[in-house]
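Input: a single structure, listed below in structure tokens.
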Amino acid sequence: MAEEYSIHLNIEQVENGEYLAASDDLPGLVAQGRTISETMEIAQDVARKLIESYRDHGDPLPATMKRIATNFEFDRRAKGSHVIWRNPVTRNRTTIPNHSGDL
């Protein structure tokens, strides 16, 4: 499974009516599109290529990039009907009630 990261993206409308995106979290990320949606899609592609370039050259990713977990692991049952899930990235645990009929 591919790793996923959270970055801040600044989008502004430029004089010609198009949108320009850049990120302080990932230097070099600049994207322009006709709509915000298109601009975000282009920015996502640029980010993937930049991350790939960092890895290909053996460079560390910028510290401002935050890896996010795309899945959680079952850790154990807690007291009563609660279960504990663990985020494999941060290793934080979360207790979640699991009462019958909740869903």
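Nothing in this text is a laboratory measurement; each read-out follows from the coordinates by a stated rule. Source: prediction; values computed, not measured. All Cβ positions, glycine included, derive from the backbone under ideal geometry; neighbour counts span all protein chains shown.
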Describe numerically, in nm with one decimal, the distance between label points set 7 Å from Cα along Cα→Cβ at residue 10 and at residue 82. 4.2 nm
What is the gain in length, in nm to one decimal, between residue 53 and residue 93 on full extension, counting 0.36 nm per residue of separation less the C-alpha to C-alpha distance? 11.1 nm
